[in-house]
Amino acid sequence: MTRRFLLIAILALLASPGLAQVTQPNEPLKLAMDVGFAPFAYRDAKGETVGFSVDFAKEIAKRLGRPGVEIIDQPYAGIFAGLFAKRYDFIIAPTNITEERAKQMLFSEPYMATGLGFLIRTRDTMTVLEDLKGKAISVNSGSISDTWATENEKALGFTVQRYSKNADAVQAVGAGRAFANVADVPVTEYVAKQQARQFKIGYSLYTGRSFGIPFRPDDVAFRNKVEQVVEQMKADGSLVKIYKTWFGKEPPEGTAMTTVYEGFGPPGFTGYSK
């Protein structure tokens with residue numbers, strides 16, 4: 001989604017009446033996820049939506065005193081437009097905090113460190129970014145990986161294939177249509193572990209970024225309330241417990257998963273307040 005489109009959406013939102021969260025305190029939270037982005041949100045063998053983001057959302061709802069969660073499956077390319085159109089209360093899909101995004105919506109404090117992972121087939125080799133020259137990479141359309149690919153396509157000499165679901169982008173690598181799937185490090189680590197015979201991580205690019213929860217720019221009080229819940233989950237270890245359930249290991253020490261930040265929002269970004 002372009003900056004221009006986001007700005008138009010925000011202006012339309014600010015001109016409309018009744019700026020507030022979508023649901024009422026006695027209703028389930030309506031939250032957006034990109035279902036099919038394992039291990040954050042995907043459908044299991046029984047057809048149920050499961051994953052880190054699902055458990056994270058349910059715990060937030062529980063601590064807010066809300067009767068559960070209504071999941072809105074939203075391809076990531078349109079997820080911000082859906083937020084501004086008030087289709088859901090906030091986005092629980094993993095979303096990188098960037099300054100451009102922070103100028104257009106409110107973020108909670110960071111809750112998980114991330115970077116970019118390059119998933120390749122086990123028989124292929126990648127040791128440096130320059131190994132992408134002349135090859136095709138697959139990304140989830142509208143994601144931070146898509147942004148990175150767009151910005152570096154010409155300089156590194158690769159071509160970009162964009163898919164509405166990251167699972168399809170991974171399949172493109174498995175089928176040989178793309179050399180590497182570029183996605184958030186936690187996602188590529190999970191796929192490589194679950195499908196070790198077929199895939200491996202060729203390269204990891206640590207950006208220093210973290211995931212945060214995006215809200216509409218008017219929902220300051222609601223953002224702050226949800227962030228207090230997230231801080232409680234960090235302090236009592238329940239957020240780490242959910243992480244270990246889905247990733248099978250401890251989170252990197254001293255990162256956003258266990259760090260409670262002063263104030264509200266991501267320090268150093270627009271929207272932060274003490």
Once amide H atoms are placed 1.01 Å from N in the peptide plane, what residues at a sequence separation of 5 or more from residue 202, or on another chain, have their amide H within under 5 Å of its amide H? 118, 119, 120
From the backbone phi of segment 199-206, what are the Karplus-calculated ³J(HN,Hα) couplings (6.51 cos²θ - 1.76 cosθ + 1.60, θ = phi - 60°) in whole Hz, Gly and Pro given as x? 10, 8, 8, x, 6, 10, 10, 8
Take the alpha carbon atoms of the chain, find their radius of gyration, then divide it by 2.2 N^0.38 Å using N residues; give the quotient. 0.98
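How high is the relative contact order of the chain? Use alpha-carbon pairs under 8 Å, at least six apart in sequence, and give a whole percent. Walk me through the intermediate numbers first.
Numbers: 547 pairs, mean separation 67.7, N = 274.
Averaging sequence separation for qualifying contacts and normalising by length gives 25 percent for the chain.
Quick one: dipole size for segment 116-190, taken about the Cα centre, charges +1 on Lys/Arg Cβ and -1 on Asp/Glu Cβ, in debye to the nearest 20.
Values: 8 positive and 9 negative charges, 58 e Å.
Approximately 280 debye in magnitude.
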Residue range of the chain that is longest and free of GluC sites (Glu not before Pro) which are both DSSP loop and sparsely packed (at most 12 other C-beta within 10 Å): 49-252
Diffing segment 191-198: the Karplus 3J(HN,Hα) column from phi (6.51, -1.76, 1.60, θ = phi - 60°), in whole Hz with x for Gly and Pro, holds 4, 4, 6, 6, 10, 5, 6, 9
Check which residues have an amide H placed less than 5 Å from residue 184's amide H, if you skip close sequence neighbours. 117
For residue 257, other-chain or 5+-apart residues with amide H closer than 5 Å (H placed, Pro excluded) are 113
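Restricting to DSSP H runs of at least four residues, report the calculated mean residue ellipticity at 222 nm for the chain, -39500 (n - 2.57) per run over all residues, nearest 500 deg cm²/dmol.
On the way: 9 runs with 92 residues, N = 274.
Computed mean residue ellipticity for the chain: -10000 deg cm²/dmol.
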Would you mind checking the tilt of helix 52-63 against the longest principal axis of the Cα atoms of the chain, expressed as 0 to 90 degrees and rounded to 10? 10
Could you sort out which of 103/274; 135/244; 135/249; 103/234 sit more than 29 Å apart by Cα distance in this structure? 135/244; 135/249
Counting DSSP beta bridges in the chain, what percent are antiparallel, to the nearest 5? 60
Based on the alpha carbon coordinates of segment 96-154, what radius of gyration and maximum Cα-Cα distance (Dmax) apply, in Å? 14.4, 43
Mind jotting down the distance between the C-alpha centroids of segment 86-107 and segment 114-167, whole Å? 23
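Taking each pair of distinct Cα atoms in segment 75-219 once, what is the resulting Kirkwood hydrodynamic radius in Å?
15.7
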Which whole-Hz couplings ³J(HN,Hα) result when phi for each residue of segment 139-155 is put into the Karplus expression 6.51 cos²θ - 1.76 cosθ + 1.60, θ = phi - 60°, listed in order with x for Gly and Pro? 9, 7, 4, x, 7, 5, 5, 4, 4, 4, 5, 4, 6, 10, 4, 5, 5
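Would you mind estimating how fast segment 183-267 diffuses translationally, via Stokes-Einstein at 20 °C and 1.002 mPa s with the Kirkwood radius over Cα pairs, in µm²/s? Don't skip to the answer; put the middle values down first.
On the way: Rh = 14.9 Å.
Estimated via Stokes-Einstein, D reaches 144 µm²/s.
Read the figures in this text as sums done on the coordinates, not as results from a lab. All of these numbers come straight from a predicted model, not from anything done at the bench. Counting neighbours? That spans all protein chains shown, and the Cβs are built from the backbone with ideal geometry, glycine included.
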